[in-house]
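The values are calculated or read from the model by the stated rules, or taken from the named source; none is laboratory data. Here the structure is a predicted model, which means the values were calculated and not measured. With ideal geometry, Cβ positions are generated from the backbone for all residues, glycine too; neighbour counts draw on all protein chains shown. Accessible surface is based on the protein model in full, side chains and every heavy atom, while ligands, DNA and RNA are left aside. Shrake-Rupley method; radii C 1.70, N 1.55, O 1.52, S 1.80 Å.
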Amino acid sequence: MLRNKAREMSDSMKLWWVLGLMGFLNGFQASNITELQSLDVSGFEAWNVTERHNLDTYGLSATTSLLLNVGLTLVERAAVKGAFCLDGSLPGYHLHPGRGSGAHSWLIQLEGGGWCTSIKDCVFRKNTKRGSSRLMEKQVPFTGILSDKAAENPDFYNWNRVKIRYCDGASFSGDSQNEAANLYFRGERIWLAAMEDLMSKGMSFADKALLSGCSAGGLASILHCDKFRELFPRNVKVKCLSDAGLFLDALDVSGGRTLRKLYRSVVNMQHVRDSLPKSCTNRRSNPVMCFFPQRLIADIRTPLFLVNAAYDSWQIQASLAPSSADPNGVWNACKLNYTRCSASQMQFLQGFRNQMVNAVKEFSVSEKNGLFINSCFAHCQTERADTWFSPNSPQIGNKGIAKSVGDWYFDRVDVKAVDCPFPCDKTCHNLIFKSKIN
């Protein structure tokens, strides 16, 4: 029964992210609207929209040969540390070795994919690739910031590039267990085991390192940023990048705080407190507040770059206007397609953008930090070829995301780019979701 339920939910949660990628691979100029077709929009609320769900399933089998596909490596020594995925399987990562001038440079990307918020939720999740390495793809394509082609990834193409798979449900944090449900909440141990394994494979000799992540992985890159810095000698250039990880403690459309409630469940159930930066928990009695990046970023000592859409699609659907806050479905059309938002709904979303801009003001004062906050309806822009670096990638002031991140990392120029409010930006790859009509 659980297997059938998992299959049904998997089918209902498939999101098509292929238009932009197909356009890039076929060499044409993609439009500024990326369409996502889903059977049920609730799937986007539960999972990381950047998943490609087996590309060849969606007609890309002829083009995936052009992509770099990298095999899965399990962290064999994780077992002795008790570092397990939710189901008790070993964690894993995909590593493509560096070459030439990048042979001693390392880029670590933490995979995203939402969170599980209850025992029931985590039991379901452990029977998916987000909770078990037994169900992970044996190979994944490296695109965007992970690409090995200079034409697609000019500053990091020849680095050692690693994608660490996400299977704990708490942004690589927490340390607990539920024996009755046979669940392992070992995100912190997974982080430590993966770092130790990579250090043994050459990362200990790094001269440059960048910790990145998208969505729940973008949150994780903030949570672990200073810990990552501590792995290396002071003469090593170490920085962090968070893509779509700036989750705000914002009021939803009903006046409640949906995301705070979600985070409370994650932090308490998985015993996340000890994984959170002490700079925050020492000042706050409620550790849940320290799971929100807006209360962390100004105190991160290591240089940090934030890439975020000001109208983050995931936050609109899962935090601002979820069905629990909008039982009559007033927001259904708007959250699927921004062009169908009413004037009052757009005003609400402009208020959300203002909150995001205000949240980064103190952070942006520091010279070491960087920003790229574009006024797009998007989520995760560094992993995709079309938004990371292509002829029509999103831009602020005639500079795209890849160039902005590279300029900041290599100290070529200061980057503090905050876009003007919607609808001024005509370079966005805005997401539009289509509910499939049965």
Which residues among the range 305-325 fall inside the zone where the amide N is under 20 Å from a point 7 Å beyond the Cα of residue 254, along Cα→Cβ? 314-325
From the Cα gyration tensor of the range 359-424, with a ≥ b ≥ c the square roots of its eigenvalues, which class applies: rounded if a/c is under 1.5, or else prolate if a/b is larger than b/c, or else oblate? oblate
Estimated inter-spin distance, residue 80 and residue 227, nm [label 7 Å along Cα→Cβ]: 2.0 nm
Accessible-area value, residue 190, 1.4 Å probe, nucleic acids and ligands omitted, Å²: 0 Å²
Solvent-accessible surface ranking, highest first, for 152, 367 at 1.4 angstrom: 367, 152
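At a Förster distance of 25 Å, what's the computed FRET efficiency of residue 286 paired with residue 120, Cβ-Cβ distance as r, to 0.05?
With a Förster radius of 25 Å, E is 0.50.
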Per 0.36 nm of contour for each residue apart, how much would the distance between residue 69 and residue 134 grow if the chain were fully extended, relative to their Cα-Cα spacing? 21.6 nm
Set the bar at 20 Å for Cα to Cα. Now go through 368/403; 138/163; 237/403; 227/278; 278/416 and name every pair that lies beyond it. 278/416
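Sort 348-356, 277-285 by packing, meaning the average of other beta carbons within 10 Å per residue, with the highest value first.
Top of the packing list down: 348-356, 277-285.
Where both residues lie in the range 73-172, what percent of DSSP beta bridges are antiparallel, nearest 5?
About 55 percent, rounded to the nearest 5.
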Starting from the residue with the highest accessible area, list 261, 126 in decreasing order, probe 1.4 Å. 261, 126
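For the range 140-266, what is the charge dipole size about the Cα centre, in debye to the nearest 20, if Lys and Arg each add +1 at the Cβ and Asp and Glu each add -1 at the Cβ?
On the way: 17 positive and 15 negative charges, 28 e Å.
With only Lys, Arg, Asp and Glu charged at Cβ, the dipole is about 140 debye.
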For residue 201, counting only aspartates and glutamates whose alpha-carbon sits under 16 Å away and dropping same-chain residues fewer than eight positions off, the answer is 76
At R0 = 56 Å, FRET efficiency that the Cβ-Cβ distance of residue 412 and residue 339 yields, to 0.05: 0.90
